[in-house]
Amino acid sequence: MAQGPRYRRPFRRRAEGKTNYHRRMKLLKSKKLRAVIRVSNNHVIVQIIQSKIGGDKIIVSAHSKELVSKYGWNANTGNVPAAYLTGFLAGARAKKQNVEEAILDLGIFYHRNRVLAAFKGILQSGIEIPYNEDFFPENIEEIIKGSHIEQYASLLKTEDPEKYQQVFSRYLQKNNINPQKISQLVSNTFKKIESST
């Protein structure tokens, strides 16, 4: 470990790799609302946050677990289509709260495709967030609808049916979902979110 009279120990969250304080300071100086996207292996959380001196205030929040409990989504809550739907849900709620614009706060950028899918959902809800079009991969529209899952499922089903049963066992047995028709589930859930908010 470093020592000496000029050594300064970094803040705990910086040392853990959770917060980049220089980037955070720039975001706070803008005095705009922040669209915060955080992704774990199983869940997606999207929040619209207002920064205040006493601490951050969450204006709108959406969690991917809500897709299951309120909108009929019975697939995995940590995949790309679920991230897109969670972002759209947060954006729709923000529009209801008269939020028109925000800036993107990615934090430490893990799980790239799911974060981008959630961001695309926020944008499609009508929230104005500045971004560069090159930020998204070319096939983002197909990915957020779950076509990559459908293609992989149909490929496995034809080439290795045993592995297909193993990989998609939770879809097939527990949730009774056909992974080759996941885009239909995405569009149904999208319509439910649109009609309820």
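The numbers here are math on the coordinates, done by the rules we state, and not lab data. What you see is a predicted model, and the numbers here were worked out from it, not measured in a lab. Ideal geometry is used to build each Cβ from the backbone, glycine not excepted, and the neighbour counts take in all protein chains shown.
Points worth noting:
- Modelled spin-label separation between Glu128 and Glu101, with each label point placed 7 Å from Cα along the Cα-to-Cβ direction: 0.4 nm.
- Dividing the helix sum by the residues of the chain, where each DSSP H run of 4 or more adds -39500 (n - 2.57), gives a mean residue ellipticity at 222 nm of -13500 deg cm²/dmol.
- For the pair Lys191 and Arg24 in one chain, pulling the backbone fully straight at 0.36 nm per residue adds 56.6 nm over the alpha carbon distance.
- Projected label distance in nm at Val167 and Ala15, using a 7 Å step from Cα toward the beta-carbon: 4.3 nm
- Gained length - Ser40 relative to Ser69, 0.36 nm times residue gap less alpha-carbon distance: 8.6 nm
- Going through (i) 19.4; (ii) 17.4; (iii) 18.3, the figure that equals Kirkwood radius over Cα pairs in Å as computed for the structure here is (iii).
- Mean Cα-pair separation over length for the chain, i.e. relative contact order, pairs under 8 Å, 6 or more apart, %: 19 percent
- Counting only DSSP beta bridges whose two residues both lie in the chain, roughly 75 percent are antiparallel.
- If the segment from Arg6 to Tyr110 were pulled out straight at 0.36 nm per residue, it would be longer than the present Cα-Cα gap by 34.2 nm.
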